[in-house]
Amino acid sequence: MRSCCALLALALVAKASAQGCVCNTMKWATCEVTPGSCECTAMVAEKSKQVLNCNALIPKCFLMKAEVFRAQKGLSSRSGGKPTEHAFVDDDGIYDPDCEANGVFKAKQCAGSQTCWCVNSAGVRRTDKGDSGLKCNELVKTVWLQIQIKHMEVQLPLNETQVKTAITQTISQRYLLDEKHVTDVKYERESHTVVVDLKSDASGDGDIATVGYYIEKDVKRMTLFRNAGNTLTASVNGTQVDFESFMIYYVDEKPPTFTTNRVMGGVIAAIVVIALAIVAVLLLRFAISRKKRRSQQYHKTQDREMEVMHKEHP
(Lines give C-alpha, C1' and ligand atoms only; values in the text may rest on other atoms or scores of the structure.)
Protein backbone atom coordinates (compact mmCIF):
# COMPACT_ATOMS: atom_id res chain seq x y z
CA MET A 1 0.00 0.00 0.00
CA ARG A 2 2.80 2.36 0.96
CA SER A 3 4.65 1.56 -2.28
CA CYS A 4 1.52 2.34 -4.29
CA CYS A 5 1.15 5.70 -2.54
CA ALA A 6 4.82 6.49 -3.17
CA LEU A 7 4.48 5.68 -6.87
CA LEU A 8 1.36 7.85 -7.11
CA ALA A 9 3.15 10.74 -5.45
CA LEU A 10 6.08 10.43 -7.84
CA ALA A 11 3.73 10.34 -10.78
CA LEU A 12 2.00 13.51 -9.60
CA VAL A 13 5.36 15.26 -9.16
CA ALA A 14 6.46 14.15 -12.62
CA LYS A 15 3.22 15.41 -14.13
CA ALA A 16 3.55 18.76 -12.36
CA SER A 17 7.16 19.06 -13.57
CA ALA A 18 6.15 18.24 -17.12
CA GLN A 19 3.40 20.84 -17.03
CA GLY A 20 5.91 23.46 -15.88
CA CYS A 21 8.40 22.49 -18.57
CA VAL A 22 7.30 24.86 -21.33
CA CYS A 23 8.88 27.58 -23.42
CA ASN A 24 6.86 30.77 -23.00
CA THR A 25 8.99 32.78 -25.40
CA MET A 26 8.67 30.34 -28.32
CA LYS A 27 5.33 28.73 -29.11
CA TRP A 28 6.86 26.23 -31.57
CA ALA A 29 9.29 24.78 -29.02
CA THR A 30 9.13 21.20 -27.80
CA CYS A 31 10.14 20.75 -24.17
CA GLU A 32 11.16 17.62 -22.31
CA VAL A 33 11.84 17.05 -18.64
CA THR A 34 15.37 15.79 -18.07
CA PRO A 35 16.98 14.93 -14.72
CA GLY A 36 17.14 18.20 -12.86
CA SER A 37 16.19 20.43 -15.80
CA CYS A 38 13.79 21.23 -18.61
CA GLU A 39 15.22 21.20 -22.14
CA CYS A 40 13.40 22.97 -24.96
CA THR A 41 14.25 22.74 -28.65
CA ALA A 42 12.88 23.90 -31.99
CA MET A 43 13.24 22.27 -35.40
CA VAL A 44 15.34 24.52 -37.66
CA ALA A 45 16.12 22.03 -40.44
CA GLU A 46 15.41 18.45 -41.38
CA LYS A 47 16.61 16.28 -38.45
CA SER A 48 18.18 19.34 -36.81
CA LYS A 49 17.04 20.77 -33.48
CA GLN A 50 18.17 24.02 -31.88
CA VAL A 51 18.39 24.11 -28.07
CA LEU A 52 16.65 27.21 -26.71
CA ASN A 53 17.03 29.40 -23.64
CA CYS A 54 13.41 30.07 -22.79
CA ASN A 55 14.27 32.44 -19.94
CA ALA A 56 14.83 35.14 -22.57
CA LEU A 57 13.59 36.05 -26.03
CA ILE A 58 14.81 33.59 -28.64
CA PRO A 59 17.44 35.19 -30.95
CA LYS A 60 15.99 36.43 -34.23
CA CYS A 61 18.30 34.21 -36.30
CA PHE A 62 16.94 31.04 -34.65
CA LEU A 63 13.37 32.30 -35.01
CA MET A 64 13.79 32.88 -38.74
CA LYS A 65 15.32 29.42 -39.27
CA ALA A 66 12.44 27.79 -37.38
CA GLU A 67 9.89 29.84 -39.31
CA VAL A 68 11.38 28.93 -42.70
CA PHE A 69 11.46 25.25 -41.75
CA ARG A 70 7.83 25.32 -40.67
CA ALA A 71 6.82 27.12 -43.85
CA GLN A 72 8.60 24.48 -45.94
CA LYS A 73 6.66 21.81 -44.07
CA GLY A 74 3.39 23.66 -44.58
CA LEU A 75 3.05 24.32 -40.84
CA SER A 76 3.04 28.10 -40.99
CA SER A 77 3.57 30.98 -43.39
CA ARG A 78 4.51 34.67 -43.25
CA SER A 79 2.30 36.74 -44.69
CA GLY A 80 6.30 58.04 -40.88
CA GLY A 81 9.44 58.84 -42.52
CA LYS A 82 13.00 57.73 -42.14
CA PRO A 83 14.62 58.65 -38.80
CA THR A 84 17.94 59.44 -40.50
CA GLU A 85 19.47 59.54 -43.96
CA HIS A 86 21.09 56.12 -43.61
CA ALA A 87 18.05 54.30 -42.18
CA PHE A 88 16.63 51.53 -44.36
CA VAL A 89 13.85 48.97 -44.32
CA ASP A 90 13.90 45.21 -44.85
CA ASP A 91 12.75 44.71 -48.45
CA ASP A 92 13.81 41.07 -48.65
CA GLY A 93 11.67 39.62 -45.88
CA ILE A 94 12.35 36.24 -44.36
CA TYR A 95 15.06 33.85 -45.53
CA ASP A 96 16.86 30.81 -44.11
CA PRO A 97 19.87 32.38 -42.33
CA ASP A 98 23.23 31.06 -41.18
CA CYS A 99 23.58 31.55 -37.42
CA GLU A 100 26.44 31.44 -34.98
CA ALA A 101 26.12 29.01 -32.07
CA ASN A 102 24.81 31.83 -29.82
CA GLY A 103 22.12 32.91 -32.28
CA VAL A 104 24.00 35.83 -33.84
CA PHE A 105 23.68 36.23 -37.61
CA LYS A 106 26.77 35.45 -39.65
CA ALA A 107 27.93 38.53 -41.56
CA LYS A 108 27.64 36.73 -44.91
CA GLN A 109 24.38 35.12 -45.95
CA CYS A 110 23.78 33.11 -49.12
CA ALA A 111 20.87 31.61 -51.01
CA GLY A 112 22.30 28.30 -52.13
CA SER A 113 25.87 28.75 -53.36
CA GLN A 114 25.45 31.39 -56.06
CA THR A 115 23.89 34.49 -54.52
CA CYS A 116 25.29 36.08 -51.35
CA TRP A 117 24.97 39.35 -49.44
CA CYS A 118 26.14 41.03 -46.22
CA VAL A 119 23.78 41.63 -43.30
CA ASN A 120 23.74 43.66 -40.11
CA SER A 121 23.26 42.24 -36.62
CA ALA A 122 19.49 42.30 -37.25
CA GLY A 123 19.98 39.94 -40.21
CA VAL A 124 18.85 42.60 -42.69
CA ARG A 125 20.70 42.93 -46.00
CA ARG A 126 22.87 46.06 -46.13
CA THR A 127 24.72 45.49 -49.43
CA ASP A 128 23.88 44.59 -52.98
CA LYS A 129 23.74 40.88 -53.74
CA GLY A 130 26.80 39.27 -55.28
CA ASP A 131 28.28 35.86 -56.01
CA SER A 132 29.88 33.45 -53.58
CA GLY A 133 33.13 35.45 -53.68
CA LEU A 134 31.50 38.42 -51.92
CA LYS A 135 33.50 39.58 -48.88
CA CYS A 136 31.75 40.49 -45.63
CA ASN A 137 34.63 41.33 -43.31
CA GLU A 138 32.59 42.06 -40.19
CA LEU A 139 29.08 41.92 -38.77
CA VAL A 140 27.97 45.55 -38.60
CA LYS A 141 25.93 46.27 -35.49
CA THR A 142 22.42 47.70 -35.70
CA VAL A 143 22.42 50.40 -33.03
CA TRP A 144 19.01 51.99 -33.57
CA LEU A 145 15.57 50.72 -34.50
CA GLN A 146 12.75 53.15 -35.19
CA ILE A 147 9.44 51.32 -34.99
CA GLN A 148 6.31 53.03 -36.31
CA ILE A 149 3.00 51.48 -35.29
CA LYS A 150 -0.54 52.74 -35.77
CA HIS A 151 -3.30 52.04 -33.27
CA MET A 152 -6.93 51.33 -34.01
CA GLU A 153 -9.75 53.76 -33.32
CA VAL A 154 -10.49 54.52 -29.67
CA GLN A 155 -13.52 56.21 -28.17
CA LEU A 156 -11.68 58.98 -26.35
CA PRO A 157 -8.55 60.94 -27.39
CA LEU A 158 -5.37 59.61 -25.84
CA ASN A 159 -3.01 61.71 -23.77
CA GLU A 160 0.46 61.90 -25.29
CA THR A 161 2.32 61.59 -22.00
CA GLN A 162 0.22 58.61 -20.93
CA VAL A 163 0.80 56.92 -24.31
CA LYS A 164 4.56 57.30 -23.92
CA THR A 165 4.50 55.84 -20.41
CA ALA A 166 2.24 52.93 -21.38
CA ILE A 167 4.27 51.99 -24.46
CA THR A 168 7.57 52.13 -22.59
CA GLN A 169 6.27 49.91 -19.79
CA THR A 170 4.62 47.47 -22.21
CA ILE A 171 7.78 47.01 -24.28
CA SER A 172 9.91 46.61 -21.17
CA GLN A 173 7.63 44.03 -19.55
CA ARG A 174 6.42 42.06 -22.57
CA TYR A 175 9.75 41.87 -24.38
CA LEU A 176 12.06 41.64 -21.34
CA LEU A 177 13.94 44.79 -22.37
CA ASP A 178 15.50 47.29 -19.98
CA GLU A 179 13.65 50.62 -20.23
CA LYS A 180 16.96 52.40 -20.88
CA HIS A 181 16.85 51.04 -24.43
CA VAL A 182 13.50 52.76 -25.10
CA THR A 183 15.08 56.15 -25.71
CA ASP A 184 12.09 58.00 -27.15
CA VAL A 185 8.38 57.57 -27.83
CA LYS A 186 6.45 60.05 -29.96
CA TYR A 187 2.69 60.10 -30.47
CA GLU A 188 0.80 61.72 -33.35
CA ARG A 189 -2.82 61.88 -32.27
CA GLU A 190 -4.27 62.78 -35.67
CA SER A 191 -2.74 59.81 -37.48
CA HIS A 192 -2.87 57.45 -34.45
CA THR A 193 0.85 56.77 -34.98
CA VAL A 194 3.30 55.84 -32.24
CA VAL A 195 7.01 56.13 -33.08
CA VAL A 196 9.33 54.19 -30.78
CA ASP A 197 13.11 54.51 -30.76
CA LEU A 198 15.05 51.50 -29.47
CA LYS A 199 18.80 51.98 -29.12
CA SER A 200 21.57 49.66 -28.02
CA ASP A 201 24.54 50.72 -25.92
CA ALA A 202 28.04 49.57 -25.14
CA SER A 203 26.80 47.12 -22.48
CA GLY A 204 25.35 44.81 -25.15
CA ASP A 205 22.60 43.57 -22.80
CA GLY A 206 19.68 44.50 -25.04
CA ASP A 207 18.98 42.58 -28.26
CA ILE A 208 16.87 45.30 -29.90
CA ALA A 209 16.78 43.44 -33.24
CA THR A 210 15.04 40.46 -31.63
CA VAL A 211 12.66 42.75 -29.74
CA GLY A 212 11.76 44.44 -33.03
CA TYR A 213 11.02 41.05 -34.60
CA TYR A 214 8.75 40.02 -31.71
CA ILE A 215 6.88 43.35 -31.95
CA GLU A 216 6.44 42.91 -35.71
CA LYS A 217 4.96 39.44 -35.21
CA ASP A 218 2.63 40.69 -32.48
CA VAL A 219 1.27 43.56 -34.57
CA LYS A 220 0.73 41.18 -37.52
CA ARG A 221 -1.25 38.81 -35.25
CA MET A 222 1.46 36.14 -35.56
CA THR A 223 2.80 36.22 -32.01
CA LEU A 224 5.80 34.07 -31.12
CA PHE A 225 4.86 33.83 -27.44
CA ARG A 226 3.18 30.72 -26.06
CA ASN A 227 0.85 32.32 -23.53
CA ALA A 228 1.11 36.09 -23.78
CA GLY A 229 -1.88 37.11 -25.87
CA ASN A 230 -2.05 37.08 -29.62
CA THR A 231 -1.09 40.69 -30.25
CA LEU A 232 0.51 43.84 -28.87
CA THR A 233 -1.81 45.91 -26.70
CA ALA A 234 -1.25 48.74 -24.25
CA SER A 235 -3.44 50.10 -21.48
CA VAL A 236 -3.56 53.91 -21.59
CA ASN A 237 -5.40 55.31 -18.57
CA GLY A 238 -7.78 52.34 -18.55
CA THR A 239 -8.28 52.28 -22.33
CA GLN A 240 -7.05 49.23 -24.21
CA VAL A 241 -5.13 50.25 -27.31
CA ASP A 242 -4.64 47.75 -30.15
CA PHE A 243 -2.25 48.20 -33.05
CA GLU A 244 -2.82 47.39 -36.73
CA SER A 245 0.15 48.51 -38.84
CA PHE A 246 3.91 48.23 -38.54
CA MET A 247 7.02 49.77 -40.10
CA ILE A 248 10.61 49.45 -38.90
CA TYR A 249 13.78 51.29 -39.93
CA TYR A 250 17.29 50.03 -39.20
CA VAL A 251 20.25 52.29 -38.44
CA ASP A 252 23.68 50.65 -38.31
CA GLU A 253 27.04 51.74 -36.96
CA LYS A 254 28.07 52.20 -40.58
CA PRO A 255 25.84 53.33 -43.49
CA PRO A 256 24.70 50.58 -45.89
CA THR A 257 26.42 50.24 -49.25
CA PHE A 258 23.51 49.85 -51.63
CA THR A 259 23.92 51.12 -55.19
CA THR A 260 21.24 52.81 -57.30
CA ASN A 261 19.84 49.35 -58.11
CA ARG A 262 18.04 49.48 -54.78
CA VAL A 263 16.32 52.83 -55.47
CA MET A 264 12.59 52.33 -54.93
CA GLY A 265 10.04 52.91 -57.67
CA GLY A 266 8.61 55.90 -55.84
CA VAL A 267 12.01 57.55 -55.72
CA ILE A 268 12.56 56.83 -59.40
CA ALA A 269 9.15 58.29 -60.15
CA ALA A 270 10.03 61.39 -58.15
CA ILE A 271 13.28 61.76 -60.10
CA VAL A 272 11.35 61.44 -63.37
CA VAL A 273 8.84 64.07 -62.24
CA ILE A 274 11.66 66.42 -61.26
CA ALA A 275 13.39 65.83 -64.59
CA LEU A 276 10.17 66.52 -66.49
CA ALA A 277 9.65 69.68 -64.46
CA ILE A 278 13.15 70.86 -65.33
CA VAL A 279 12.54 70.14 -69.03
CA ALA A 280 9.25 72.03 -68.86
CA VAL A 281 10.96 75.05 -67.30
CA LEU A 282 13.69 74.99 -69.95
CA LEU A 283 11.10 74.75 -72.73
CA LEU A 284 9.17 77.64 -71.21
CA ARG A 285 12.31 79.75 -70.98
CA PHE A 286 13.16 78.88 -74.59
CA ALA A 287 9.68 79.85 -75.75
CA ILE A 288 9.83 83.17 -73.88
CA SER A 289 13.30 83.89 -75.23
CA ARG A 290 12.20 83.05 -78.76
CA LYS A 291 9.14 85.27 -78.47
CA LYS A 292 11.29 88.07 -77.12
CA ARG A 293 13.73 87.78 -80.04
CA ARG A 294 10.85 87.84 -82.51
CA SER A 295 9.46 90.91 -80.80
CA GLN A 296 12.84 92.65 -80.98
CA GLN A 297 13.19 91.72 -84.66
CA TYR A 298 9.68 93.06 -85.34
CA HIS A 299 10.43 96.37 -83.67
CA LYS A 300 13.75 96.72 -85.54
CA THR A 301 12.03 95.97 -88.85
CA GLN A 302 9.25 98.41 -88.03
CA ASP A 303 11.80 101.12 -87.19
CA ARG A 304 13.64 100.60 -90.51
CA GLU A 305 10.36 100.79 -92.46
CA MET A 306 9.41 104.00 -90.71
CA GLU A 307 12.85 105.42 -91.51
CA VAL A 308 12.50 104.57 -95.24
CA MET A 309 9.02 106.09 -95.38
CA HIS A 310 10.28 109.25 -93.77
CA LYS A 311 13.03 109.59 -96.39
CA GLU A 312 10.57 109.03 -99.27
CA HIS A 313 8.06 111.47 -97.90
CA PRO A 314 9.94 114.19 -96.09
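The values are calculated or read from the model by the stated rules, or taken from the named source; none is laboratory data. These numbers were taken from a predicted model, which means no experiment stands behind them. No Cβ is skipped: glycine too gets one built from the backbone with ideal geometry, and neighbour counts run over all protein chains shown. These area figures cover heavy atoms from the full protein model, side chains too; ligands, DNA and RNA do not enter into them. Shrake-Rupley method; radii C 1.70, N 1.55, O 1.52, S 1.80 Å.
Checking Val154 against (1) closer than 21 Å to Ala209 by Cα; (2) at pLDDT below 95; (3) assigned to a loop (DSSP other than H, G, I, E, B): exactly one of these is not met. Which one?
Single failed check for Val154: (1).
Can you name the residue in the range 220-258 that is at positive phi and not basic (Lys, Arg) and, of all such residues, is most open to solvent (accessible area, probe 1.4 Å)?
First, the residues of the range 220-258 that are at positive phi: 221, 229, 237-238.
Going one step further and asking which of them are not basic (Lys, Arg), we end up with 229, 237-238.
Numbers: Gly229: 46, Asn237: 122, Gly238: 74 Å².
So, considering only residues that are at positive phi and not basic (Lys, Arg), the one most open to solvent (accessible area, probe 1.4 Å) is Asn237.
Could you list, in sequence order, the residues of the range 95-116 that are under 23 Å from Val143 (Cβ atoms) and assigned to a loop (DSSP other than H, G, I, E, B)?
First pass over the range 95-116, keeping only residues under 23 Å from Val143 (Cβ atoms): 95, 97-100, 102-109.
Answer for the range 95-116, where residues must be under 23 Å from Val143 (Cβ atoms) and assigned to a loop (DSSP other than H, G, I, E, B): Tyr95, Pro97, Asp98, Glu100, Asn102, Gly103, Val104, Lys106, Ala107.
I'm trying to understand the selection: among the residues of the range 161-189, which are open to solvent by less than 80 Å² (accessible area, probe 1.4 Å), under 27 Å from Glu85 (Cβ atoms) and not aliphatic (A, V, I, L, M)?
Result: Lys164, Thr168, His181, Thr183, Asp184, Tyr187.
Going by the conditions given, is Thr183 within 27 Å of Ala228 (Cα to Cα), more than 22 Å from the chain's Cα centre (by Cα) and at pLDDT 95 or above?
So Thr183 does not fit the description; no.
Condition test on Val119, is it at pLDDT 95 or above and in a strand (DSSP E or B)? Reasoning before the result, please.
On the way: at pLDDT 95 or above: yes; in a strand (DSSP E or B): yes.
Criteria met by Val119.
Condition (residue is under 25 Å from Lys47 (Cα atoms) and not basic (Lys, Arg)) applied to the range 76-84: is it met by at least one residue?
Kept after step one, since they are under 25 Å from Lys47 (Cα atoms), are these residues of the range 76-84: 76-78.
Checking the rest, the ones that are also not basic (Lys, Arg) come to 76-77.
Looking through the range 76-84, at least one residue is under 25 Å from Lys47 (Cα atoms) and not basic (Lys, Arg).
Out of Ser37, Ser113, report the one residue that is of a type in the set (S, T, N, Q), open to solvent by 50 Å² or more (accessible area, probe 1.4 Å) and within 27 Å of Phe258 (Cβ to Cβ).
Values: Ser37 fails: within 27 Å of Phe258 (Cβ to Cβ).
Every option except Ser113 fails the conditions.
What single numbered condition from (1) open to solvent by 10 Å² or more (accessible area, probe 1.4 Å); (2) under 15 Å from Ile58 (Cα atoms) fails to hold for Lys217?
(1)
I'd like the residue in the range 73-96 that is open to solvent by 90 Å² or more (accessible area, probe 1.4 Å) and charged (D, E, K, R) and, out of all such residues, is modelled with the lowest pLDDT.
Lys82
Which residue is least open to solvent (accessible area, probe 1.4 Å), if the candidates are limited to the range 123-151 and must be aliphatic (A, V, I, L, M), assigned to a loop (DSSP other than H, G, I, E, B) and under 14 Å from Pro255 (Cα atoms)? Let's see the steps before the verdict.
Residues of the range 123-151 aliphatic (A, V, I, L, M): 124, 134, 139-140, 143, 145, 147, 149.
Pick out the ones that are also assigned to a loop (DSSP other than H, G, I, E, B) and you get 124, 134, 139.
Add one more test, that the residue is under 14 Å from Pro255 (Cα atoms), and what stays is 124, 139.
Details: Val124: 2, Leu139: 57 Å².
Out of the qualifying residues, it is Val124.
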